[in-house]
Amino acid sequence: MASGKDYLSFILEQLSEVEALSYRAMMGEYVLYCRGKVFGGIYDDRFLVKPTPAAKRLMPDAPQELPYKGGREMLMVEDVDDREFLRVLVESIADELPEPKKKKRKA
């Protein structure tokens, strides 16, 4: 089941306070980036984030969900109405993630 554009739009509006936020459509779902780092996504109209130490600390009771068959477990964000919480969550996750690898240019 693919995610709807309406849910994506809602989540992007809720994350409007997050700087350097972007997304990419991928196979009917949406991968979310903060500062160029993948921190989560929209999968089957669920907002899932990587289970970093900060995410686990901020959402200790969050259910773990598979984004898709064969994927790694992620944490489901249930409180999508609190914009300040979402900003802190996303920025904290991004702070803990490594910098994206630079793509090599072909000669």
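Here are the numbers for this structure:
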{"item": "Residue check for A2: touching a Gly at 6+ places or on another chain (Cβ under 9 Å), among the small types (G, A, S) and loosely packed, with under 12 Cβ neighbours inside 10 Å", "result": "no"}
{"item": "Scan of the range 1-16 for residues that are modelled with pLDDT of 95 or more, more than 13 Å from the chain's Cα centre (by Cα) and either among the hydroxyl-bearing types (S, T, Y) or part of a loop (DSSP other than H, G, I, E, B) (or both), ordered by number", "result": "Y7, S9, S16"}
{"item": "Out of A54, A62, sole residue that is in contact (Cβ under 8 Å) with a residue 12 or more places away in the chain and within 22 Å of P98 (Cβ to Cβ)", "result": "A54"}
{"item": "Counted residues, the range 65-101 - those being of a type in the set (G, A, S), without any contact (Cβ under 8 Å) to a residue 60 or more places away in the chain and not in a loop (DSSP other than H, G, I, E, B)", "result": "1"}
{"item": "Count of the range 66-99 residues which are farther than 13 Å from I42 by Cα and modelled with pLDDT of 95 or more", "result": "19"}
{"item": "Some residue of the range 61-71 being out of contact with any Cys (no Cβ under 9 Å at 6 or more places or on another chain), farther than 25 Å from A2 by Cβ and aliphatic (A, V, I, L, M)", "result": "no"}
{"item": "Count - residues of the range 20-36 that are in contact (Cβ under 8 Å) with a residue 60 or more places away in the chain and either among the β-branched types (V, I, T) or in a loop (DSSP other than H, G, I, E, B) (or both)", "result": "1"}
{"item": "Count of residues meeting criterion [exposed (fewer than 13 other Cβ atoms within 10 Å of the Cβ) and under 13 Å from the mean Cα position of the chain (by Cα)] in the range 74-94", "result": "1"}
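The values are calculated or read from the model by the stated rules, or taken from the named source; none is laboratory data. Worth saying up front: this structure is predicted, and the values here are computed from it rather than measured. A quick note on method: Cβ atoms are made from the backbone with ideal geometry, for glycine too, and the neighbour counts reach across all protein chains shown.
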